[in-house]
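Following: one structure in structure tokens, then a few remarks.
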Amino acid sequence: MTGRNRLTAIVVGAGAWGLPAATQLALRGHEVTLIDRYGVANLLSSSSGPTRVWRHADTNPVLCRLGLRSVGAMDRLAARSGMEVYRKVGILWRDHDPSGLLTTLREEGVDHAEVDAADVGRWLPGLVPDDRPAVWTPLGGCVLAAASLAAQEKLFREAGGRVLLDEVVGLDASRGTVDLRDAGRIAADAVVVAPGPGAVALLPMLEVTVPLVPQLEQVVHFGSPDAPHRYDDVPCLFEGEYGASPGFYSMPTPGRGYKIGLNEQMRAWTPEDLDRTPSQKRTEATAVEAARLGFITDPVLDAQICSWTDSPDGLFVVDRIDRVVLACGDSGAGFKFSALMGEILADLAEGAEPDDDIASLGLARFDRPTPPSRRRGHFI
């Protein structure tokens, strides 16, 4: 699998990483079959919902650098599809000790400002100060997640890609074969496996033993149908743990409201658990957090449950195993890299060698003692 020779390719998983990978491969002239049990961007996937946060404010240098690269990928997707796929509104990161974040931002040359505790309202109008300082980064905002996936699907179908609704029951990395419950065995030159929480069942087929932990999370929109654009230009906000609060990420959903998700799981994900009914208790707890911020003046508009999948160290797992390219363990932060990940996974499927940042996300790191986990990502 080298160069741009025409390949047959199978992509398993039609969500935030799999669909863009399939799209990139199809746009490059390869014959691509995209497989998902429930279809593109389905409500049971990790990628459902209208928005996600995108940012470069990350204590991990690799994710910070990938965040910078993701802007170019989103611009390329927007230009090619003719659709708006992200908005820049900036992000304010408030926490007791932002020193780790500040170190990374300085070392990576990311534009930022240190914000005194009493001055947070200057950067996010109406935010009530407390005793914590903050960090402002202007390069950040919201991925228009549903629009982004719609743009990818449009390009994928226009490039001749095929979608197959089926369940994967077997994988052979050396032969490049995928066994399907209904369609039987199919084979390809390259197979990209990016199945979100479904990776738990598929990793043993690849003889990979990394323990992944899928979880269910809830997000809540605050807004009013009478003023759907009230929060469109309000910056994103990261809140670290504070007193009894678990902390959260939040962002505007243009034309809808302001979205908050507490940084703790609802419950563990299991394949047979298809219930996505929001929890009233979690909604009420989220409303308490919204009220203390000061700038959210509208009531609860809606709530949604989705999944995310933690890796042992909170970082992505991206690697190549024979003919298979594996991408899993989004750790709640995957969608901000959606467009970029499509390009990266397509490169790997074509046989390109990973750069140093992508290589650092490979399986070899689990042969070493597991480092202390970074603070987990979040679905939103």
Exercise for review: Enumerate the amide H contacts of residue 266 below 5 Å, restricted to partners 5 or more residues apart or on another chain; note that Pro and chain-start residues carry no placed amide H.
Suggested key: 216, 217, 218
Check your understanding: Given N residues in the chain, what is Rg(Cα) / (2.2 N^0.38 Å)?
Key -> 0.96
Exercise for review: Quick one: angle between helix 338-349 and the longest Cα principal axis of the chain, in degrees between 0 and 90, rounded to 10, please.
Suggested key: 20
Check your understanding: Nearest-5 percent of antiparallel DSSP beta bridges in the chain?
Key -> 70
Check your understanding: Does the stretch 233-380 classify as rounded, prolate or oblate by the C-alpha gyration tensor (a ≥ b ≥ c root eigenvalues; a/c under 1.5 gives rounded; else a/b over b/c gives prolate, otherwise oblate)?
Key -> prolate
Point to revise | Long-range amide H partners of residue 301 with built H, under 5 Å | key: 221, 222, 223
Practice item. Report, in degrees rounded to the nearest 10, the 0 to 90 angle that the Cα long axis of helix 280-293 makes with the longest principal axis of the chain. Key: 50
Review point. Where the accessible area of the stretch 305-373 is counted over protein heavy atoms with a 1.4 Å probe, how much of it, in %, is carbon and sulfur?
Key: 50
Revision key, fill the gap. Here FRET efficiency (C-beta to C-beta, residue 169 to residue 367, R₀ 35 Å, nearest 0.05) is 0.75
Review point. By how many degrees, between 0 and 90 and to the nearest 10, does the Cα long axis of helix 61-81 differ from the longest principal axis of the chain?
Key: 70
Practice item. Report the extension gain between residue 187 and residue 122 in nm, rounded to one decimal, defined as 0.36 nm multiplied by the number of residues separating them, less their alpha carbon distance. Key: 17.7 nm
Study note, to complete from the structure: Only helices counted: for the chain, with every DSSP H run of 4 or more residues adding -39500 (n - 2.57) and the sum spread over all residues, [θ] at 222 nm is -7500 deg cm²/dmol
Revision key, fill the gap. Relative contact order as a percentage, the stretch 100-159, C-alpha pairs under 8 Å and 6+ apart, gives 28
Review point. Can you give the relative contact order of the chain as a percent, counting alpha carbon pairs under 8 Å and 6+ residues apart?
Key: 23
Revision key, fill the gap. For residue 107 and residue 283, extending 7 Å from Cα along the Cα-Cβ vector and measuring point to point gives, in nm, a value of 4.4
Point to revise | Efficiency of FRET between residue 297 and residue 38 - r from beta-carbon atoms, R0 41 angstrom, step 0.05 | key: 0.65
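The values are calculated or read from the model by the stated rules, or taken from the named source; none is laboratory data. These figures come from a predicted structure and were not determined experimentally. Neighbour counts run over all protein chains shown; Cβ positions are idealised from the backbone, glycine included. Please note that ligands, DNA and RNA were not included when accessible areas were found on the heavy atoms of the full protein model with its side chains. Shrake-Rupley method; radii C 1.70, N 1.55, O 1.52, S 1.80 Å.
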